Amino acid sequence: MLQKLKNGIVDSQIFKSVFRHGYPDNDLDRAYAIFSNVFLHVHPVKVRRSALRMRYTFCLGGITLLLFIILAVTGIWLMFYYTPYTGLAYRNIKDLQFVIFGGNLMRDLHRFAAHGMVLFVWLHMTRVFLTGAYKAPREFNWIVGVVLLVNTLVLSWTGYLLPWDQLAYWAVTVGAKMASYTPFIGQNGPWGPQLGFLPTNDIMFMLLGGTVVGQNALIRFYVLHCVVLPLVVTVFLAVHFWRIRKDGFSGPL
Amino acid sequence: MDEKVTREIFPRDSRKSYGLVELMKKTAPIVRKEPEDTVYVWPNLLMIEIICAILVTVGLMVLIQFEHAPLRSLADPSTTPNPMRAPWYFLGLQELLVYFDPWYAGVVLPGMIILGLMLFPYLDVNPKGVGYYTYSERKFAVFNYSFGFAIWWITIIIGTYLRGLDWQWYWPWSNHLEHMNPALVTLIPLHLIFVNWFHVSEGVGKLFTDVIFIGYFALGTLIPMVVWKPMYKAMGLWRYLTFSFFFLSMMGVALKIILRLLFNIKYVLVTPWINI
């Protein structure tokens, strides 16, 4: 009965139009399942048996990707309830906490997946370092990885402002003040004032869209956090995965 | 090596003039290895990935039953929380503000960390230790990485647990509600110590510190060049100089932390433009 149902589905025109191969219970279809699928074809069709050992990668990079996907999904969900306006942002978060169904769940998931992503990026980097996987011919992918690490940190930091509470406001104020100490292009940095950089035209002003953290800073951080940086991360992730396949895997894969 | 091939792996077909051969990017040919040494990603690897994803998701769901995303009171530009802590992954940098001026701790040093990390594959010329965990074959590289991250994590731990009001040093058993008297600690630049010791003018004291600062980088670069000649030869001049600069800067951060915490040294180098 079940077999018949399965065959009915697998042989149907709809299934065939979507997957273009049979159910992957034989080697040919198993190969098709990987390389005719846009998502699965990041994998090779076959890997060495030893690659199934967990003690080499510990799945750290994969976990980082998973957390990024969780962050994208919960983040988009949160965007439905959030207004990047100083008069509303904090109340939106309060609504998420006390009014909206699933609001706490999504916010907590987003927050802790973010912490987790920072942690797992670092663990993944440590693994890559300890196995010498950054050495030739994989040097460039290590650079891409460092770019992704920095992007992860900046994503976390820009997201920090959005709840518009005391924690957010002062963490970003302190961080932005740092920018004003940038040599040459910061109002407080060495050689900054000498080169004509003032509170109204230096790097901190550019970052915040003003001299203090206010509405302009909120909208900037919002756009960076929800659009620009996730896009940048996605592009670099694509390069990162592509290069793993092109440069070859370092370990027993 | 001379083990007998008991079974032909790729039996030759007498009707065909060609055999099954594979070219690989390796320094040695893989002989007597069957293609069956590999397994299909579906379902073998995919199953591992799915199980891993489920475990992480479940772990996350369990975690948020106990911990919740924080939300303090509404942002208020007129009230500064004390102490003001950055998110944990930036606490290391925030803690470094104790030891360095903001232009260095907040801008130049993070920039150097990022650049140094990116350059690592180009500075590490040791071809050994790819694809497996090893410490003995690449002790120095592992030391460098671990040292850098030790500073990173130690400063995070200090920033999280040992800093209190006004970013002063609080032990876990100190009274965290009471302000420390900042007058208890007097910070002085290094050159004033020389002024006091040798009864020289401030200008001469500064000259001492200039010499020490430049000497640290110069000798730190030159001595290993002579002592570990093979390492220098393997790296070449520019690679070595780049590495030396980053290495000595990293060690310098650790030294400065020690000087500041144990001897209350505020600056080791004072110039009209920048202080370090």
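What to note about this one:
Here is a yes/no grid of residues against (1) surrounded by 14 or more Cβ atoms within 10 Å (Cβ to Cβ); (2) modelled with pLDDT of 90 or more; (3) closer than 21 Å to A:G145 by Cα; (4) within 21 Å of the chain's Cα centre (by Cα):
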site	(1), (2), (3), (4)
B:M112	yes, yes, yes, yes
B:A150	no, yes, yes, yes
B:W167	yes, no, no, no
B:W171	no, no, no, no
B:E178	no, no, no, no
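- Just one residue in the set A:T152, A:T200, A:T158 is more than 10 Å from chain B (Cβ to nearest Cβ), in a helix (DSSP H, G or I) and out of contact with any strand residue (DSSP E or B) (no Cβ under 7 Å at 6 or more places or on another chain); that residue is A:T158.
- Boolean, A:L161 is under 25 Å from B:L71 (Cβ atoms), free of Cβ contacts under 8 Å to residues at least 40 places away in the same chain, of a type outside the set (G, A, S) and buried (at least 19 other Cβ atoms within 10 Å of the Cβ): no
- Residue in region B:228-240 that is part of a helix (DSSP H, G or I), touching a residue at least 24 places away in the same chain (Cβ under 8 Å) and either buried (at least 16 other Cβ atoms within 10 Å of the Cβ) or in contact with a Phe, Trp or Tyr (Cβ under 7 Å, 6 or more places away or on another chain) (or both) present: yes
- Complete set of residues in region B:138-157 that are touching an Asp or Glu at 6+ places or on another chain (Cβ under 8 Å), within 12 Å of another protein chain (Cβ to nearest Cβ) and farther than 14 Å from A:T131 by Cα: B:I156
- Checklist (1) more than 22 Å from the chain's Cα centre (by Cα); (2) more than 10 Å from every other protein chain (Cβ to nearest Cβ); (3) assigned to a loop (DSSP other than H, G, I, E, B) applied to A:Y82, failing item: (1)
- Test: residue in region A:177-184 that is more than 9 Å from chain B (Cβ to nearest Cβ), farther than 23 Å from B:L97 by Cβ and not polar (S, T, N, Q): no
- Being over 13 Å from B:P87 (Cα atoms), at the interface with chain B (Cβ under 7 Å from one of its Cβ atoms) and hydrophobic (A, V, I, L, M, F, W, C) is a property that A:F140 lacks.
- Note on region A:117-127: residues that are surrounded by fewer than 22 Cβ atoms within 10 Å (Cβ to Cβ) and touching a helix residue (DSSP H, G or I) at 6+ places or on another chain (Cβ under 7 Å) amount to 3.
- Test: residue in region A:26-42 that is facing chain B (nearest Cβ under 7 Å), in contact with a helix residue (DSSP H, G or I) (Cβ under 9 Å, 6 or more places away or on another chain), crowded, with 17+ Cβ neighbours inside 10 Å and part of a loop (DSSP other than H, G, I, E, B): no
- Boolean, A:L167 is at pLDDT below 95, of a type in the set (A, V, I, L, M) and not in a helix (DSSP H, G or I): no
- Selection within region A:1-25 - in a loop (DSSP other than H, G, I, E, B) and among the polar types (S, T, N, Q): A:S12
- Residue that is farthest from the chain's Cα centre (by Cα) [pool: residues in region A:115-127 that are under 13 Å from A:G61 (Cβ atoms) and in contact (Cβ under 8 Å) with a residue 40 or more places away in the chain]: A:R127
- Across region A:85-125, the number of residues qualifying as hydroxyl-bearing (S, T, Y) and outside any loop (DSSP other than H, G, I, E, B) comes to 1.
The values are calculated or read from the model by the stated rules, or taken from the named source; none is laboratory data. All figures in this text were calculated on a predicted structure; none of them were measured in a lab. Ideal geometry is used to build each Cβ from the backbone, glycine not excepted, and the neighbour counts take in all protein chains shown.
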